[in-house]
Amino acid sequence: MRDYEVKRKSRKLLEGEGLKNIMAKYFQDVSEEGDAIAGSYGAMKKIKAKYDGKKLWVETETDPSASDEVALDTVRTYNRFLEEATGYTAKERKKLANKMAKEGA
């Protein structure tokens with residue numbers, strides 16, 4: 001499971017039914033699984049996400065047999081989902097991840 005920082009202004013969007021609504025916008029077969037929201041899309045057999053008030057936790061299961069075209073579309077969709085949910089672009093998320101890795105090392 002991977003965690004993502006969430007911008008303060010985006011936190012309210014994820015509360016209540018917010019995360020489920022955002023996931024329904026990008027993924028198929030969205031449903032609740034315990035304290036997480038699950039769905040699927042393209043080369044992602046399953047995506048599970050939960051929000052703890054500060055961080056977004058996401059776990060994915062991919063289909064390695066998916067075509068390159070489907071895999072590319074899946075990555076783009078996943079990045080759009082993360083950008084809406086966290087408030088950070090892919091480039092900003094990478095910078096944050098590098099910063100956290102440096103601090104942890």
Fill in: the stretch 69-105, subset of a type in the set (D, E, K, R) and at pLDDT below 95, residue nearest to the chain's Cα centre (by Cα)
ARG93
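Name the residues in the stretch 55-75 that are part of a helix (DSSP H, G or I) and under 13 Å from PHE27 (Cβ atoms), would you?
Keep residues of the stretch 55-75 that are part of a helix (DSSP H, G or I), which gives 68-75.
Selection gives ASP73, THR74.
Out of curiosity, is LEU72 surrounded by 11 or more Cβ atoms within 10 Å (Cβ to Cβ), out of contact with any Ser or Thr (no Cβ under 6 Å at 6 or more places or on another chain) and closer than 16 Å to ARG2 by Cβ? Walk me through how you get there before you give the answer.
Details: surrounded by 11 or more Cβ atoms within 10 Å (Cβ to Cβ): yes; out of contact with any Ser or Thr (no Cβ under 6 Å at 6 or more places or on another chain): yes; closer than 16 Å to ARG2 by Cβ: no.
No.
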Fill in: Residue count, the stretch 9-50 (criterion: free of Cβ contacts under 8 Å to residues at least 24 places away in the same chain, among the charged types (D, E, K, R) and not in a strand (DSSP E or B))
4
Worksheet item: Can you find a residue in the stretch 3-17 that is more than 27 Å from LYS95 (Cβ to Cβ) and over 10 Å from the mean Cα position of the chain (by Cα)?
Response: yes
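Within 21 Å of LYS99 (Cβ to Cβ) and of a type outside the set (Phe, Trp, Tyr): does that describe LYS54?
yes
The values are calculated or read from the model by the stated rules, or taken from the named source; none is laboratory data. Model, not experiment: these values are computed from the prediction. As a convention, Cβ positions derive from the backbone with ideal geometry for all residues, glycine included, and neighbour counts pool all protein chains shown.
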